[in-house]
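Here's the structure we're looking at; comments come further down.
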Amino acid sequence: QVQLVESGGGLVQAGGSLRLSCATSGRTFSTNAMGWFRQAPGKEREFVAAISWSGQNTYYADSVKGRFAISRDNAKNTMYLQMNSLKPEDTAVYYCAARKLGSYATTAPAYGYWGQGTQVTVSS
């Protein structure tokens, strides 16, 4: 059974940092692009960051560029999202996702595997 499990969410003050992890099991995703999305209450799920299968190519939403960093360790079957300089508007449930292809994408329908999400709350 394929599983993507997020961890590392929590409550942090504005300006603080969190590191999210996405552990995969059931199959290897070392040849698949992966990404992070988030969904705030009452809003649609939105793209945050994506990374190619090798980790050489990354892409960020303008709202997080320069503050967030996506990375992956294929030997550990884990993807990360380092979030710095957090703002209250970053508050959302964060989801990790994996594609069936190796190239990254920025739209949710391009991803076939999803985790259950982890809550990130940034207080002002």
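The values are calculated or read from the model by the stated rules, or taken from the named source; none is laboratory data. Please read all numbers here as calculations on a predicted model, not as lab measurements. All Cβ positions, even for glycine, are placed from backbone atoms using ideal geometry, and neighbour counts span all protein chains on display. Surface accessibility is based on the protein's heavy atoms, side chains included, excluding ligands, DNA and RNA. Shrake-Rupley method; radii C 1.70, N 1.55, O 1.52, S 1.80 Å.
General remarks:
- Computed over the stretch 1-60, the percent of Cα pairs more than 17 Å apart is 55.
- With contacts taken as Cα pairs under 8 Å at a separation of at least 6 residues, the stretch 34-124 carries a relative contact order of 32 percent.
- In the chain, the DSSP beta bridges split such that about 90 percent are antiparallel, to the nearest 5.
- Under the criterion of Cα pairs below 8 Å and six or more residues apart, the relative contact order for the stretch 1-82 equals 28 percent.
- For the peptides 75-87, 36-48, the ranking by packing is 75-87, 36-48, with the highest mean count of neighbouring Cβ atoms within 10 Å listed first.
- About the Cα centre, charge dipole magnitude for the stretch 56-102 (Lys/Arg +1, Asp/Glu -1 at Cβ), debye: 200
- Full-stretch length increase - Glu44, Glu89 - with 0.36 nm per residue and alpha-carbon distance subtracted: 14.8 nm
- Between Gln39, Ile70, Gly16, the Cα set farthest toward the positive side of the dipole of the chain (charges on each charged residue's Cβ, about the Cα centre) is that of Ile70.
- Per-residue ³J(HN,Hα) for the stretch 98-105, Karplus 6.51 cos²θ - 1.76 cosθ + 1.60, θ = phi - 60°, Hz, x for Gly and Pro: 10, 8, 8, 10, x, 8, 6, 9
- Separation of the stretch 25-46 and the stretch 102-124, taken as the distance between their Cα centroids, equals 3 angstrom.
- Positive-end ranking of Gly102, Ala61, Gly115 along the dipole of the stretch 36-124, with charges on Cβ about the Cα centre, is headed by Gly102.
- Heavy-atom accessible area per residue - the chain, 1.4 Å, Å²: 51
- Taken about its Cα centre, the stretch 33-72 carries a charge dipole of roughly 100 debye when the Cβ of each Lys and Arg holds +1 and the Cβ of each Asp and Glu holds -1.
- About its Cα centre, the dipole of the stretch 9-124 is roughly 240 debye, where the only charges are +1 on Lys and Arg Cβ and -1 on Asp and Glu Cβ.
- Carbon + sulfur, % of accessible area of the chain - ligands and nucleic acids excluded, 1.4 Å: 47
- Listed peptides 10-23, 88-101 appear in the order 88-101, 10-23 once ranked by packing, highest mean of other Cβ atoms within 10 Å at the front.
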